[in-house]
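Below is one structure; the comments refer to it alone.
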Amino acid sequence: MTSTLDREAVLSLRRRGRAHLPTPDERRSIRQSAGVRVGDLAEVLGVSEATVYAWELGLRNPGPNVRDRYLQALRLLGGADE
């Protein structure tokens, strides 16, 4: 049986290799500054417009299957740190 501390250590190690996502406000600002519509970004990422809106409002964060693609898209739009 794994202790709570061990589980937290494993989760922490998994997160260390991941790049930082901008804040929800920054995500929206990056997209808007690039002149990209929510629907266009959603289509490229293979998610719904409602999902992108939820990310930009801070209601949800992208899941592991789309997180890296989302971060890459934000970088390409010129606003996410490497």
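What follows draws every value from the coordinates through simple rules; no lab data is involved. On a predicted model such as this, the values are computed, not experimentally measured, just so you know. Here Cβ is always computed from backbone atoms with ideal geometry, including for glycine, and neighbour counts include all displayed protein chains.
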If only Cα atoms are counted, what is the Rg of the stretch 20-76, and what is its Dmax, in Å? 9.8, 26
Test of understanding: ordering T51, T23 by Cβ neighbours within 10 Å, fewest first, what list do you get? T23, T51
Assuming R0 = 25 Å, what is the FRET efficiency of E26 and N65, from their Cβ-Cβ distance, to the nearest 0.05? 0.70
